[in-house]
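**Student:** Take this structure first; my questions come after.
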Amino acid sequence: MKLMKALTAGVFAGLAFAATNASASVLDTVKERDVLNCGTDNTAPGFGYLNTTTGEMEGLDVDFCKAVAAAVLGDAAKVKFITVTDKSRFDAVLTNQVDVVFAHTTIKPARESAISIDFLPINFYDGNGVMVKVESGVQQFSDLEGATICTTQGSSTEMVLTNAFKARGWTTSKVLTYENLEKLFAALNSGRCNAMSTDKSALAAWAGNSPKPADYLILPDTLDKSPFGGFVVANDSKWRNALRWVHYGLFQAEESEITQANLDEKMKSEDPFVQKFLGVGGGYGKDFGLSDDFVAQAVKAVGNFGEIYDRNLGPNTKMYLERKGTSNALWTQGGAIYSPLWN
């Protein structure tokens, strides 16, 4: 009888432990660890790229990693960058190697349903494109019938190209895949591929950072939509919601003209919304398990969304991607960058 009671107690203790683990959020884990493990690419200039001159990671995705670390832990330096590829990025989240991934990932329904991830808000609007060497004489996608077009392994572009071939009745065209963008670009330059295909932003970045940008042509065709978003493991609403509102905070900060430079002055504002938004005398943080000044911490670290964009993709960068007149502009300027109401 004593043995049976001991076994029963052990079973219930095990169930209680399992239930506790099951209910634990990544948010709690990150706080306890005091470091954010953020998955990102290191071969995508403008998004996630290791600057070999400075030895530092840089890019729009990298800045979102830093913003999350600042908002959650109060310090943008408390982030560990873990390199992921198009093929490995989902497993990295599902196996807890990373807490969140920002790696120029296209939001698609099958990814949320089949892979068990939850996407965060769109932080960049892009489209699948194709780039060739100017010397090839190719001017548009229709010129590539029978060609070998390369892309990255595990990317949605593989299916986009396959569907484009089928829609045009092309039976001799081929798709060849490589591990990452660096190897993909090398394949184009070596002549292994007649063209490389990925998101147009990545094409612009690789061409712009090459020794001779004029040697490359990005074709005018856009093969499919490609909205980017970060992602976390599915069904952890506490973590997902916190990160969603970090995103929205960066969008709203731009709309409210709150920048790194004027943040201290804005903290003194008498506007009730600005005070609460920045966590002065109370705020929204407690709703998400964050400090009330989580938006202020993120803006202090990386600036508002517009500042992040300009730093990595703006007119002073080699891969300049215009915001004006595109979906990447604020909604107040005709774009799709939009924060829900905070009040």
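**Student:** Can residue 146 be described as surrounded by fewer than 23 Cβ atoms within 10 Å (Cβ to Cβ), among the small types (Gly, Ala, Ser) and part of a loop (DSSP other than H, G, I, E, B)?
**Tutor:** yes
Every residue, every condition in (1) β-branched (Val, Ile, Thr); (2) closer than 24 Å to residue 332 by Cα; (3) touching a strand residue (DSSP E or B) at 6+ places or on another chain (Cβ under 8 Å), yes or no:
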site: 258; (1), (2), (3): yes, yes, no
site: 261; (1), (2), (3): no, yes, no
site: 271; (1), (2), (3): no, yes, no
site: 278; (1), (2), (3): no, yes, no
site: 285; (1), (2), (3): no, no, no
site: 303; (1), (2), (3): no, yes, no
site: 310; (1), (2), (3): no, yes, no
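**Student:** Do any helices (runs of 4 or more DSSP H) lying entirely in region 22-121 carry at least 3 residues that are out of contact with any Phe, Trp or Tyr (no Cβ under 8 Å at 6 or more places or on another chain) and surrounded by 24 or more Cβ atoms within 10 Å (Cβ to Cβ), and which ones are they?
**Tutor:** By residue number, 60-73.
**Student:** Moving on to the next point. Can you tell me which residue in region 218-250 is least open to solvent (accessible area, probe 1.4 Å), limited to those that are at pLDDT 95 or above and among the charged types (D, E, K, R)?
**Tutor:** 236
**Student:** Of these, 177, 151, 172, which one is out of contact with any Phe, Trp or Tyr (no Cβ under 6 Å at 6 or more places or on another chain) and not in a strand (DSSP E or B)?
**Tutor:** 172
**Student:** May I ask you to list the residues in region 198-213 that are surrounded by fewer than 19 Cβ atoms within 10 Å (Cβ to Cβ) and touching a helix residue (DSSP H, G or I) at 6+ places or on another chain (Cβ under 7 Å)?
**Tutor:** Selection gives 213 alone.
**Student:** Does residue 160 satisfy the condition of being in a helix (DSSP H, G or I), open to solvent by less than 30 Å² (accessible area, probe 1.4 Å) and closer than 29 Å to residue 335 by Cα?
**Tutor:** Against the criterion (in a helix (DSSP H, G or I), open to solvent by less than 30 Å² (accessible area, probe 1.4 Å) and closer than 29 Å to residue 335 by Cα), residue 160 qualifies.
The values are calculated or read from the model by the stated rules, or taken from the named source; none is laboratory data. Please read these numbers as outputs of a predicted model, since none were measured by experiment. Reconstructed Cβ throughout: ideal geometry from the backbone, glycine too, with neighbour counts over all protein chains shown. Calculation scope for accessible area: heavy atoms of the full protein, side chains included, ligands and nucleic acids excluded. Shrake-Rupley method; radii C 1.70, N 1.55, O 1.52, S 1.80 Å.
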